[in-house]
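The values are calculated or read from the model by the stated rules, or taken from the named source; none is laboratory data. These numbers come from a predicted model, not from an experiment. Backbone-built Cβ (ideal geometry, glycine too); neighbour counts: all protein chains shown. Heavy atoms of the whole protein, side chains included, go into the accessibility calculation; ligands, DNA and RNA do not. Shrake-Rupley method; radii C 1.70, N 1.55, O 1.52, S 1.80 Å.
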Amino acid sequence: MTDTPASDHLVTSIAALERLYSEPFGPSLIKEADRITVPYRAFIEAAPFFSIASRGPDGMDCSPRGDAPGFVRVADENTLLIPDRRGNNRIDTLRNILHDPHVALLFLIPGCGETIRVNGRATISTDPALTQSFPVNGKTPVTVIVVTVDRIYYQCAKAIVRSKLWDASRHVERKSLPSAGTILADLTGGKMGGPEHDRAAPERLKATLY
């Protein structure tokens, strides 16, 4: 038994793919816009979390971003401003944007089944007028990601409903999964991580959140 599909079952052309599926449901095409409409703006401004996909020289990457609702600013109907809050300084997304400006964003709103998908092109700005307009706890981001929106549309609630993502009774107890310290210890043969890393994590997170 193997998880590798047999070569004669691989789909290798658009024509073959389209033979497997029926025509797109009417609204699935109509809901796509080339600008941020008023209803779409309401969803973006309510979202405290999104993921951003980007492409670098070694392939694709997807990174989570989160802050208070409204942290992604709608500058106009074609422009989003995203503060690059403090992270781990890998700056994978920023490196990728310099390689290829195309990005894809997926916005999630707790308790809401629909998600918002955005495809566009990004640039990185250090303009003080932008960075200083995103202060939190007296700290401003080093850069702001400016996304020019090419396409925006909502995804129906099927994935959220099937996954029961917002059902608190289905939430996983964090202690049932490996801790960050455990993961690091496993990767480094015990040279990094371990219980001490986990004990210091709450204070470390508090001190480096912004």
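Structure notes:
- Fluctuation leader among R85, R170, R65 - the chain, Gaussian network, Cα springs under 10 angstrom: R170
- Partner lysines for K206 [C-alpha distance under 28 Å; skip if fewer than 8 residues away on the same chain]: K139, K175, K191
- Charge sum, other residues only, whose C-beta stays under 14 Å from A159's C-beta, Lys/Arg counted +1 and Asp/Glu -1: +2
- Here the spin labels are modelled as points 7 Å beyond Cα on the Cα-Cβ line, and at Y210 and R151 they lie 3.7 nm apart.
- C62, C112, reordered so the largest accessible area comes first (probe 1.4 Å): C62, C112
- Efficiency of FRET from Cβ geometry, R121 and S176, R₀ 30 Å, rounded to 0.05: 0.15
- Solvent-accessible surface of region 71-152, averaged per residue with a 1.4 angstrom probe and all protein chains in place: 50 square angstrom.
- Within a Gaussian network of the chain (alpha carbon springs, distance under 10 Å), most fluctuating of V136, V103, V72: V136
- Within region 55-155, the ratio Rg/Rh, alpha carbon atoms throughout and Rh by Kirkwood, equals 0.94.
- Accessible carbon and sulfur surface of the chain relative to its total accessible area, %, 1.4 Å: 57
- Solvent accessible area, Å² - H9, 1.4 Å probe, full protein context: 140
- Net charge contributed by nearby residues that have their C-beta within less than 14 Å of E77 (K/R +1, D/E -1): 0
- Cα gyration tensor, region 123-210 - rounded (a/c under 1.5), prolate or oblate: oblate
- Shown in residue order for region 63-79 are the 3J(HN,Hα) couplings computed by the Karplus curve 6.51 cos²θ - 1.76 cosθ + 1.60 at θ = phi - 60°: 10, x, 9, x, 5, 5, x, x, 5, 8, 8, 8, 6, 7, 6, 10, 9 Hz (x for Gly and Pro).
- Model label points for D34 and A15, set 7 angstrom from Cα along the Cα-to-Cβ axis, are 3.0 nm apart.
- Over the chain, DSSP H runs of length four or greater, each weighted -39,500 (n - 2.57), average out per residue to a 222 nm ellipticity of -8000 deg cm²/dmol.
- As a calculated quantity, the FRET efficiency between A168 and R199 at R0 = 35 Å, using C-beta atoms, amounts to about 0.80.
- When mean projected area of the Cα convex hull in nm² is computed from the coordinates, the matching label among (i) 16.6; (ii) 11.3; (iii) 21.2 is (i).
- Treating r as the C-beta distance of K139 and D8 and R0 as 45 Å, the FRET efficiency rounds to 0.20.
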